[in-house]
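In what follows, a single structure is set out as structure tokens and then discussed.
Only the coordinates and a few stated rules stand behind these numbers; no lab work does. These figures come from a predicted structure and were not determined experimentally. Positions of Cβ are backbone-derived with ideal geometry, glycine not excepted, and every protein chain shown enters the neighbour counts.
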Amino acid sequence: MEETKGRIRKMMIILSKATLENVYAAFVLANGARMEGIEAEMFFTFFGLEAIHKKKLEHLHVATVGNPAMHMPTMLGGLPGMEALATSMMKKEMEKIDMPDVHEFLEILKASGVKLWACKLAMDMFHYQREDLIDDLDGVLTVGDFYHQGSGEGTHMLFV
Amino acid sequence: MDKTIAGKTIRVNEEGFMTDFSQWDKAVGESLAAEANITLTPRHWEVLGYLQSEYKNNVALSIRKVGKSGVVDIKEFYALFPTAPLKTAAKIAGIPKPASCI
């Protein structure tokens, strides 16, 4: 704190979920850091890996069950087609506010200098190979490697 | 508040963004760039010109929009204005700070 006078120098953002609202939250935080001249690195673990999985990243959904902010009865949220409906509504709203889709957002993050890392343990668990994940990935790391990436003053970590 | 730059008095807000674009000229732009440790090249000027024309057309600026402009891609934008490109470029261009999260 003394050395950086409280200035945030780097954001380390861990994404562990694949629901659209969580993926976007993590992406906006990482991109927003770069826009302010703050370094940013992302660690994709557990279901978060789907956001960088070539075949899955374009099919992420909004959660309609167990999400009180949807303002619909849980039973209704579980009906077939409900997630798809909520997702398409959310995507329309996002386009209106100039929010890119997941694929384009990843390209923006990469072009902005955000480092993208996959979690080795989660990859092993889901039996993902490196080639299943986007080409822009900076590498596959252990949690220890990721902490090492965040060493130095003024680094903050966020878990989504 | 008033600020003297390139031998001219300009009005800026508390963050250093110009509040009256009519006071901007290339010499002011050069001096504001020097304050941000940036030496302006022809590429910088092309980008600054694009930002100013978008501002004049009341287009809200975002990193995504700049990247899709055909003037500069996001990677080069960050290379030209390394720290906080949209904010830094807007400040040099004499236009308000873009209120964008993307």
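Structural remarks
- Of all residues in region A:146-160, those satisfying the criterion of being touching a residue at least 12 places away in the same chain (Cβ under 8 Å) and farther than 19 Å from A:F47 by Cα are A:Q149, A:G150, A:G152, A:E153, A:G154, A:T155, A:H156.
- When the residues of region A:107-121 are filtered to those that are more than 12 Å from chain B (Cβ to nearest Cβ) and surrounded by 15 or more Cβ atoms within 10 Å (Cβ to Cβ), the one that is farthest from A:I14 (Cα to Cα) is A:K120.
- Filter pass, A:L60 being touching a residue at least 40 places away in the same chain (Cβ under 8 Å), within 30 Å of A:S151 (Cβ to Cβ) and not charged (D, E, K, R): no
- Taking the criterion of being over 13 Å from A:K54 (Cβ atoms), of a type in the set (V, I, T) and not in a helix (DSSP H, G or I), the residues of region A:107-160 that qualify are A:V114, A:V140, A:T142, A:T155, A:V160.
- Some residue of region A:122-134 being under 16 Å from the mean Cα position of the chain (by Cα), surrounded by 13 or more Cβ atoms within 10 Å (Cβ to Cβ), over 15 Å from A:L60 (Cβ atoms) and not polar (S, T, N, Q): yes
- Selection of helices (runs of 4 or more DSSP H) fully inside chain B by the criterion of at least 3 residues being in contact (Cβ under 8 Å) with a residue 24 or more places away in the chain and within 12 Å of the chain's Cα centre (by Cα) returns B:26-35, B:42-56, B:85-93.
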